[in-house]
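Here's the structure we're looking at; comments come further down.
The values are calculated or read from the model by the stated rules, or taken from the named source; none is laboratory data. Since we're looking at a predicted model, the values are computed, not measured. Counting neighbours? That spans all protein chains shown, and the Cβs are built from the backbone with ideal geometry, glycine included.
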Amino acid sequence: MKLIIANFALCLFLVFAVWAAPRGEFVLVVSSPFESNSTRLGRIAQSNGSIVAFGRVDWLVVAHSSEPGFAARLMRAGALMVLNENLALGCTRGQNGIFGKAA
């Protein structure tokens, strides 16, 4: 029974990992909550990207770049995670959502 549960958990993880992988020009950038905003925003600028929206928590930012390899550049610049921008839609709260403030 434990083996079945472990296999099921692994399958769920793999499905989430594929769904969460960044693709396209828009990404959700997850930074350390202990960094300054200038560090977070500088990382996106350094990676040749632009800010699309800020979250109600400072360490989540939706960013855009039309250049290939944007997610990899963000990771090399120090982002904790770079995820599919569609995950930001799952964080909506209230009428405006967590990403209701435009950049």
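Among the residues making up the stretch 59-103, those that are modelled with pLDDT under 90, part of a loop (DSSP other than H, G, I, E, B) and surrounded by 15 or more Cβ atoms within 10 Å (Cβ to Cβ) are Trp59, Gly97, Ile98, Phe99. For the stretch 33-49, state whether one or more residues are of a type outside the set (A, V, I, L, M), in contact (Cβ under 8 Å) with a residue 40 or more places away in the chain and surrounded by 13 or more Cβ atoms within 10 Å (Cβ to Cβ). Within the stretch 33-49, not a single residue is of a type outside the set (A, V, I, L, M), in contact (Cβ under 8 Å) with a residue 40 or more places away in the chain and surrounded by 13 or more Cβ atoms within 10 Å (Cβ to Cβ). Taking Arg40, is it modelled with pLDDT under 85, farther than 16 Å from Phe26 by Cβ and of a type outside the set (A, V, I, L, M)? The answer is no for Arg40. Filtered by the rule that a residue be closer than 13 Å to Val30 by Cα and touching a residue at least 40 places away in the same chain (Cβ under 8 Å), the stretch 57-71 gives Val57, Ala71. So for the stretch 15-26 (the condition being at pLDDT below 90, part of a helix (DSSP H, G or I) and among the aromatic types (Phe, Trp, Tyr)), does at least one residue qualify? Yes, the stretch 15-26 contains at least one residue that is at pLDDT below 90, part of a helix (DSSP H, G or I) and among the aromatic types (Phe, Trp, Tyr).
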